[in-house]
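Peer 1: Quick one: the structure is below, questions incoming.
Please treat every number below as a calculation from the coordinates, not as lab data. The structure displayed is predicted, hence computed values, not measured ones. Positions of Cβ are backbone-derived with ideal geometry, glycine not excepted, and every protein chain shown enters the neighbour counts.
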Amino acid sequence: MCSGDQPGDSSSGDSGETRETLTAMRDHWIDDGGDVKELSLAGVPSSVRTARHFVRTVLDETGAEERLIDDAVLLASELATNAVIHAHGDFVVGIEAGVEWIWVGVVDHAVETAPHTPPSSQSIGGRGLLIVDAVAPRWGAKPIDGSKIVWFALQRPSRNGHSPAHR
């Protein structure tokens, strides 16, 4: 589910404001009660690997299921790659591992969101948001005061192995 109509008009100019933006976006969609952990990264290709490592480390510490960790790492990698390629500047990765949901958001300084047009069969890139859309039951993008946030949420399985009902 892609939606650009989430509330949250905080700027991402400094870490406190970025945290408020990440938390407001997360709270609107999952409100799972945890804290958002964040990592500021330079807009360079090697930061994508660092973003993947950050997401994996946070989720490993919470005891998340390996399949869920793999999905979150894949999708975070796609969002971080988009931030490096399109935003041409620093970006912030935020993550919250709640009871029912894992939420990840990337704030960068590109105001416009990537176009949602399918790439040609000859293109070697341009499939990142298609992958996010295929894997994440909830995701979205929203411009916010000279920046934007792109986020996704993955539902954790219940103790009996099934995903709890969507809210």
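Peer 1: Under 5 Å between amide H atoms, partner at least 5 residues away or on a different chain: which partners does D90 have, H built in plane at 1.01 Å?
Peer 2: Counting only residues 5 or more places away or on other chains, the set is G43.
Peer 1: Separate question: Please give the peptides 60-73, 85-98 ranked by average Cβ packing (other Cβ atoms within 10 Å per residue), highest first, as a rough proxy for protection.
Peer 2: 85-98, 60-73
Peer 1: Measuring from label point to label point, each 7 Å out along Cα→Cβ, what is the D35 to S158 span in nm?
Peer 2: The answer from the label model is 3.0 nm.
Peer 1: Measuring from label point to label point, each 7 Å out along Cα→Cβ, what is the T62 to I131 span in nm?
Peer 2: Modelled inter-label distance: 2.1 nm.
Peer 1: If each of H88 and V44 carries a label point 7 Å out from its Cα toward its Cβ, how far apart are those two points in nm?
Peer 2: In this crude label model, H88 to V44 measures out at 1.8 nm.
Peer 1: Further question: Given H placed 1.01 Å from N in the peptide plane, which residues other than close sequence neighbours of I144 have an amide H under 5 Å from its amide H?
Peer 2: I149
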